[in-house]
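Following: one structure in structure tokens, then a few remarks.
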Amino acid sequence: MSRQLQARRTAWLEFTQLAADHRAVNLGQGFPDFSPPTFIQEALREALSGGYQMHQYTRVFGHPPLVRILAKFFGRIVGREIDPFEDVLVTAGAYQALFCAFQALIEEGDEVILVEPFFDCYQPMVELAGGKTVHVSLRPSQKVEGSGVPSSGDWVLSPEELASKFNPRTKAIVINTPNNPLGKVYKTEELQVIADLCVRHDVLCISDEVYEWLTYDGNKHVKIASLPGMWERTVTIGSAGKTFSATGWKLGWAISSVHNMKNLKIIHLGSVYQCPTATQEAVARGFEREYELFGTPESYFQQLPAMLHQKREKLASCLGAAGLQPVMPEGGYFMIADISSVKVDLSDQSTEDEPKDFTFVKWLTKEKGLATMPVSTFYSPEHRREFSQYVRFCFVKEDSTLNAAEDILRKWSQTQ
Ligand code: PMP
């Protein structure tokens, strides 16, 4: 097994266990601690009492009502006809869609460009498929340093540096918008730079869009698959868990043109084979509802970001008061904060080769009862040290959980 895979998953398990051991207020893990909306719970209840078929196998590549509505929904967004039975694959969460994409499309020795910070499974998954990852970092632009409220929008790629990573061995680039952990929502111009390079070098784009409905302050999520020349080159990945606040349902999908999907389907057949019928039926009904309500105030895709916007504000203000400098996310579930100016002596806590964010997260969990995640786990080993002054907070939480975190931060700030 890849050492990367072992090390990364061990770090995540360690932080999750630490939070549980210390009964910490958990702003570490990325899932809502509130119920999904009533309409989707109802949809599952109805599905479960909908006859024997709901309890038996369905079509292997996706339950027909679900692939039909996904094709219709996303076809309207990307402005093209999507074939429900050729271009859509339903998977066990976005996680399995990523796994299928890497296994299907990456061959031994292929290079895959990862934009840092990246969801931590990308690198081990590419390596399991025999590929080699090449890294390029989003960095805060000059104008941020010193003035104004930092925003995830200020974190940008250098077009020259990005272009320098493309070569004849490059098979794919992976992007994640809105980004976990940063909350960056790529603008059309930024996606166009990536798209131009993909077209010029005939490179695929694996676009992880699990937080696509969660954008704030008027930022708009744009699908790179909708840019000219990109439909054939993009595998777009989504998650019902993130879409309907039901992460435990573990249902996701990959959408792409048929020639990419053929191999993804083979990997799906050889691993999971098919996903649970009743949850697929419920998610189909959820999307049918959202299709009708799209763009209206009743749509959950409007209501969830409106609710999270308030939670984002609340978290940012209490982090700021505690001397942690938040980077305001334009989208997603997460906010990173700079811990450089925090006055706490961690010298007796750290081990020699441990990045500062690891030490800080352990200290905050054990000593203050607040669990978070170190951001350096979202970087490749060569860039980890450079970005170890950030920790990630999750704000898709009940107000009572955020209040408890606020209390901890307020008390701590009084002792600093
Ligand atoms: N991609 C990103 C960026 C994520 O943050 C997550 C979940 N944390 C996933 C994929 C996996 O999603 P799912 O739960 O649907 O497998």
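The values are calculated or read from the model by the stated rules, or taken from the named source; none is laboratory data. Quick caveat, the model's predicted, so the values are computed rather than measured. So basically every Cβ, Gly included, is an ideal-geometry build from the backbone, and we count neighbours across all protein chains shown. To get the accessible areas, we keep the full protein, side chains included, count just its heavy atoms, and leave off ligands, DNA and RNA. Shrake-Rupley method; radii C 1.70, N 1.55, O 1.52, S 1.80 Å.
Listed values, structure above:
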read-out: Mean accessible surface per residue for the chain, computed with a 1.4 Å probe while every protein chain stays in place, in Å²; value: 41
read-out: Quarter of Cα convex hull surface for the stretch 175-245, i.e. mean projection, nm²; value: 4.8
read-out: Residue-span extension gain [Val199 to Tyr273] - 0.36 nm each, minus C-alpha spacing; value: 23.4 nm
read-out: Alpha carbon centroid spacing (whole Å) that separates the stretch 77-91 from the stretch 115-194; value: 26
read-out: Principal-axis tilt of helix 399-415 within the chain, Cα atoms, nearest 10 degrees; value: 20
read-out: Theoretical ellipticity at 222 nm over the chain - DSSP helices of four or more residues, -39500 (n - 2.57) apiece, nearest 500; value: -12500 deg cm²/dmol
read-out: Rounded if a/c under 1.5, otherwise prolate or oblate - the stretch 272-416, Cα gyration tensor axes; value: prolate
read-out: Listed residue (Gln41, Val235, Phe395) projecting farthest to the positive dipole end of the chain, Cβ model; value: Gln41
read-out: Relative contact order for the stretch 75-217, counting Cα pairs under 8 Å that sit 6 or more residues apart, in percent; value: 22
read-out: With Cα atoms, 0 to 90° folded angle of helix 258-271 axis to the chain main axis; value: 70
read-out: Simple Cβ-charge dipole of the chain, Lys/Arg +1 and Asp/Glu -1, about Cα centre, in debye nearest 20; value: 420
read-out: Magnitude of the charge dipole, the stretch 144-258, Cβ model with Lys/Arg +1 and Asp/Glu -1, debye to 20; value: 420
read-out: Among Phe244, Phe85, Phe119: highest mean-square fluctuation, GNM of the chain, C-alpha pairs under 10 Å; value: Phe85
read-out: Ranked by how many other beta carbons lie within 10 Å on average, peptides 298-306, 101-109, 87-95 from highest; value: 87-95, 101-109, 298-306
read-out: Pairwise label distance in nanometres, Ser141 with Glu292, each label 7 Å out on the Cα-Cβ vector; value: 4.3
read-out: Listed residues Val115, Gln96, Ala129: farthest to the positive end of the dipole of the stretch 36-162 (Cβ charges); value: Gln96
read-out: Label-point gap, in nm, between Ser400 and Ser347 - each point 7 angstrom along Cα→Cβ; value: 4.3
read-out: Cα gyration tensor, the stretch 1-142 - rounded (a/c under 1.5), prolate or oblate; value: oblate
read-out: Nearest-ten-degree value, helix 188-201 long axis tilted from longest Cα axis of the chain; value: 60
read-out: Cα gyration tensor shape for the stretch 216-336, rounded if a/c is under 1.5, else prolate or oblate; value: prolate
read-out: Cut-off 18 Å, label 7 Å out along Cα→Cβ of Tyr52, residues of the stretch 278-317 by amide N; value: 278
read-out: Rounded percent of accessible protein surface that carbon and sulfur make up, the chain, 1.4 Å probe; value: 52
read-out: Largest-first principal axis extents, alpha carbons of the chain, Å; value: 59, 52, 41
read-out: Inter-label distance, nm, simple model (7 Å from Cα along the C-beta direction), Glu42/Arg80; value: 3.7
